[in-house]
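Accompanying notes for the structure given below.
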Amino acid sequence: MRSDSRLSRMLHALIHMDRHDGAMTSEHLAQMLSTNPVVVRRTMAGLRDQGIVRSEKGHGGGWALNRSLGDVTLLDIYRALGDPRLFAIGLADDDPRCLVEQAVNAAVADTLSAAEALVIARFGEVTLADIAEDFDRRFAAVMGG
């Protein structure tokens, strides 16, 4: 099963947008993310609907941040992407009357629910500013500063 990398890719794009002077076109973002501009526009529309980015028309237009990095959490981006599934693991549904399957599904569902709650809580604690600061530290280390 292929993993859903939209969250990571949008976080990547948003940090670049913060560091870019002016708006970034869908084409520029698509090239950076190795995807199609249509995919970028569709994804950014969800972020725009949540007030995270705005679209600017005309010459020099494109996508720009609408909020500061410190005001946006991973949870905000996750929600703007439509709450994608966190885990590929699922429950069996071969024979819902089977008591073993019921017991297994109950244990797995309970565990996944607890794990999801932890991930969602952590997403709410991490801001884009936290990620940008980590990038700055890594960049300084690579550049010898």
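The values are calculated or read from the model by the stated rules, or taken from the named source; none is laboratory data. None of these values were measured; they are calculated from a predicted model. Neighbour counts are summed over all protein chains in view; Cβ atoms, including those assigned to glycine, are modelled from backbone coordinates with ideal geometry.
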Q: Kindly indicate whether residue 88 is touching a residue at least 40 places away in the same chain (Cβ under 8 Å) and more than 14 Å from the chain's Cα centre (by Cα).
A: yes
Q.
Tally up the residues in the stretch 20-37 that are more than 19 Å from residue 58 (Cα to Cα) and either touching a residue at least 24 places away in the same chain (Cβ under 8 Å) or touching a His at 6+ places or on another chain (Cβ under 9 Å) (or both), please.
A. 3
Q: Starting from the stretch 52-74, keep only residues that are in contact (Cβ under 8 Å) with a residue 24 or more places away in the chain, then list their pairs with residues that are assigned to a strand (DSSP E or B) and among the polar types (S, T, N, Q) whose Cβ atoms are within a distance under 7 Å, requiring at least 6 positions of separation or different chains.
A: 63/55; 69/127; 70/127; 72/127; 73/127
Q. Residue 73 is checked against (1) loosely packed, with under 13 Cβ neighbours inside 10 Å; (2) touching a helix residue (DSSP H, G or I) at 6+ places or on another chain (Cβ under 6 Å) and fails just one. What number does that condition carry?
A. (1)
Q: Give the residues of the stretch 1-42 that are farther than 24 Å from residue 134 by Cα, hydroxyl-bearing (Ser, Thr, Tyr) and either in contact with a Gly (Cβ under 7 Å, 6 or more places away or on another chain) or in a helix (DSSP H, G or I) (or both), sorted by residue number.
A: 25, 26
(Q) Which of the helices (runs of 4 or more DSSP H) found entirely inside the stretch 52-145 contain at least 1 residues meeting this: closer than 25 Å to residue 28 by Cβ? (A) 74-80, 128-142
Q: Kindly indicate whether residue 23 is under 16 Å from residue 9 (Cα atoms), of a type in the set (A, V, I, L, M) and surrounded by 13 or more Cβ atoms within 10 Å (Cβ to Cβ).
A: no
Q.
Can you tell me which condition residue 39 does not meet? The list is (1) of a type in the set (A, V, I, L, M); (2) modelled with pLDDT of 95 or more; (3) under 15 Å from the mean Cα position of the chain (by Cα), and all the others hold.
A. (2)
